[in-house]
């Protein structure tokens, strides 16, 4: 369905009425923006029992060409939020990527997105963003403490010492909303960022890419295929992978000096599609668009009682699927910390660790994306010669393959976190503090499933007294793979944060060690 504003609509909602026309109301948390990050943030905090109001300037979920590729780490987050099984049932799993060069029909090499097997979730799942949003909306409908307001636009923002005042307009009137905390998830053109006069700096890359989402029945493997300098797009690059509902994402590098409006006309897109797939393949248009990618971010994500997440805080190129996956990482990082602050378990200083960790993650994603761009589009004759030499060597030589960069697949970021307790003993294996726990079978389930919404002590024979609020999960001697991946000797233990990141570990720990590490992890 195409609405009156020209948007292709996946799901339409009735505009929400104004709760107190020309009046004022109060909530604990207001989330501005109802894209995937804002909805996931509402679900995270709502499941923890907090009153949440979500303000969406739109009254629909758009059926547009947005994120489609969700990493294993994001799938683990979806499991924690209770929507993992629904996404797996609808999505398409892929773990193999292939790199092609020029006119060769055989790939230069192939790679596995999940080299470590025996984990609950695969390396990646492809599913359209609008399905993710639909699953999130349905999950939120089950929470009486979360209210989704469609067609409510923030017009003015006033920071206060104990909260934020938002002036909101809707079709049926205006009102003022006082929120103790506001989370800005309102995208790259963030109203919240503009109203607070905050910078959004970085780099815009001088290149254009054509996205052609098409619907076709043609059978091809569930793999990510990437071409450097293919005959159907000489001197440029191209990408192809499948989505649910027989929809395929085709991506063609166009170069900088193109007419963007003309580039998406069907008569100009279809020659690219035919050249890639062949003249005999029948297809129909789903969505055509042109994008220029950016690596930009705010200097800080925490500004008093207003906290930024997702595209409102940072933008990154799509290579490696780091944009939306990075936004869900923000949700995972922020949710438990704000929960602790609201409940009085920790002071507001804990939120500074979100600023430290989330900005570090954004910066790492920018570094990976910039390197991808430099490899995709060499800026000189010498750099192109080097790129081509790497591709040539990668056919037969293992050492060259890590240098081939068509977009490093998104993985969990490792932090040098102020919440982490450094190792007191030397470890030669296991998972170091600041890293996410590696999944493995545990009993009849999975290791990551055993970590709940609170701090967890993963133990193998630890006999101490757990502090209040700390759950203990014993790793049995039969869980050999979990023991191996954690490097758990007899008597060893890991302190794991609610977002499944390691806060501390010990080969042997006394009660005071655990208490001190928990205290540090809460910045209390």
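If you check residue 179 against the conditions, is it farther than 25 Å from residue 404 by Cα, in contact with a strand residue (DSSP E or B) (Cβ under 9 Å, 6 or more places away or on another chain), surrounded by fewer than 19 Cβ atoms within 10 Å (Cβ to Cβ) and modelled with pLDDT of 95 or more?
No; evaluated as a whole, the condition is false for this residue.
How many residues are surrounded by 22 or more Cβ atoms within 10 Å (Cβ to Cβ) and part of a helix (DSSP H, G or I) when one looks only at region 477-516?
3
Check residue 147 against each of (1) over 30 Å from residue 400 (Cβ atoms); (2) under 20 Å from the mean Cα position of the chain (by Cα) and name the one condition it does not meet.
Of the numbered conditions (1) over 30 Å from residue 400 (Cβ atoms); (2) under 20 Å from the mean Cα position of the chain (by Cα), the odd one out for residue 147 is (2).
For a quick check of your reading: which strands (runs of 3 or more DSSP E) sit entirely within region 88-140 and have at least 2 residues that are touching a residue at least 60 places away in the same chain (Cβ under 8 Å), more than 15 Å from the chain's Cα centre (by Cα) and crowded, with 20+ Cβ neighbours inside 10 Å?
Working: elements: 92-94, 96-101, 109-112, 124-126.
Of the strands (runs of 3 or more DSSP E) lying wholly inside region 88-140, those with at least 2 residues that are touching a residue at least 60 places away in the same chain (Cβ under 8 Å), more than 15 Å from the chain's Cα centre (by Cα) and crowded, with 20+ Cβ neighbours inside 10 Å span 96-101.
So which of 428, 411 ends up being surrounded by 15 or more Cβ atoms within 10 Å (Cβ to Cβ) and not in a helix (DSSP H, G or I)?
That would be 411, the only listed residue that is surrounded by 15 or more Cβ atoms within 10 Å (Cβ to Cβ) and not in a helix (DSSP H, G or I).
Identify, from the list 283, 200, 226, the residue that is crowded, with 17+ Cβ neighbours inside 10 Å and out of contact with any helix residue (DSSP H, G or I) (no Cβ under 9 Å at 6 or more places or on another chain).
Only one candidate passes the filter, namely 226.
The values are calculated or read from the model by the stated rules, or taken from the named source; none is laboratory data. The structure displayed is predicted, hence computed values, not measured ones. Because the Cβ atoms are built from the backbone with ideal geometry, glycine has one as well, and the counts that use them run over all protein chains shown.
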